[in-house]
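Scroll down for the structure; my scribbles are underneath it.
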Amino acid sequence: MKVFISGSIILKTLGEIEIDYLDTIIEGKCTVLIGDANGMDKAEQQYLAEQNYPSVIVCFSGDKVRNNIGNWQTKHIPNPENRAGRARYQLKDHAMADDCDSALMFWDGKSNGTKHNMNYLKELGKYYLFLSRAGKVLGIGNKNKMNGMIPF
């Protein structure tokens with residue numbers, strides 16, 4: 001099972017809630033799809049590397065990977081239209097959403113990118129859990145697709 005994890009770029013550290021969810025993913029032996037951004041992507045990568053977790057694919061859409069702390073497999077997402085800024089990174093996020101079985105997102109209440117990811121996952125009919133930094137559930141998608149998936 002592939003789990004797309006992400007969060008707001010302004011969030012730079014993991015709290016107990018984020019760690020508990022990452023531990024659940026590790027225990028479930030899921031393949032993690034993660035971006036290469038600073039912020040939550042980097043913090044999540046740091047934790048996964050500290051746990052020596054091998055099943056991670058770092059997706060990127062730029063010329064080179066910005067962060068790959070665990071030296072994991074990478075996946076370059078093409079940018080045929082030479083999009084810049086957020087539009088370029090959205091290509092990467094869409095590719096991970098398309099490829100995942102479920103998703104876990106942590107939101108600061110402001111990030112348009114993370115909110116867009118939730119809406120895109122909803123559009124795809126994917127199971128996702130969208131949480132605030134305090135662990136409040138802000139969105140949960142397609143519970144019907146949850147069967148057999150990790151219990152987050």
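Output the residues belonging to the range 75-100 that are among the aliphatic types (A, V, I, L, M), assigned to a helix (DSSP H, G or I) and surrounded by 16 or more Cβ atoms within 10 Å (Cβ to Cβ).
Within the range 75-100, 91, 95, 96, 97 qualify.
Results for (1) more than 15 Å from the chain's Cα centre (by Cα); (2) of a type outside the set (Lys, Arg); (3) modelled with pLDDT under 85, shown as yes or no for each residue.
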position: 84; (1), (2), (3): yes, yes, yes
position: 90; (1), (2), (3): no, yes, no
position: 96; (1), (2), (3): no, yes, no
position: 129; (1), (2), (3): no, yes, no
position: 132; (1), (2), (3): no, yes, yes
position: 137; (1), (2), (3): yes, yes, yes
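Consider the range 63-74. How many of its residues are in contact with a Lys or Arg (Cβ under 9 Å, 6 or more places away or on another chain) and either crowded, with 16+ Cβ neighbours inside 10 Å or part of a strand (DSSP E or B) (or both)?
2
Counting just the residues of the range 11-42 that are exposed (fewer than 15 other Cβ atoms within 10 Å of the Cβ) and in contact with a Lys or Arg (Cβ under 9 Å, 6 or more places away or on another chain), which one comes out farthest from residue 67 (Cα to Cα)?
Residue satisfying both the conditions and the ranking: 15.
Among the residues of the range 68-85, which ones are touching a helix residue (DSSP H, G or I) at 6+ places or on another chain (Cβ under 6 Å) and within 16 Å of residue 4 (Cβ to Cβ)?
Correct list: 77 only.
Looking at (1) part of a loop (DSSP other than H, G, I, E, B); (2) under 20 Å from residue 128 (Cβ atoms), which is the one condition that is false for residue 52?
Residue 52 satisfies every listed condition except (2).
Output the residues belonging to the range 101-126 that are over 15 Å from the mean Cα position of the chain (by Cα) and not in a loop (DSSP other than H, G, I, E, B).
123, 124
Exactly one of (1) modelled with pLDDT of 80 or more; (2) more than 14 Å from residue 5 (Cβ to Cβ); (3) of a type outside the set (Val, Ile, Thr) is unmet by residue 142. Its number?
Unmet for residue 142, out of (1) modelled with pLDDT of 80 or more; (2) more than 14 Å from residue 5 (Cβ to Cβ); (3) of a type outside the set (Val, Ile, Thr): (1).
Looking at the range 2-17 only, could you name the residues that are closer than 24 Å to residue 122 by Cβ and at pLDDT below 90? Even if it seems obvious, please write down each step before you answer.
Residues of the range 2-17 closer than 24 Å to residue 122 by Cβ: 2-11, 17.
Passing the criteria: 7, 8, 9, 10, 11, 17.
The values are calculated or read from the model by the stated rules, or taken from the named source; none is laboratory data. Remember, it's a predicted structure, so these values are computed and weren't measured experimentally. Note that we place each Cβ from the backbone using ideal geometry, even for glycine, and neighbour counts take in every protein chain shown.
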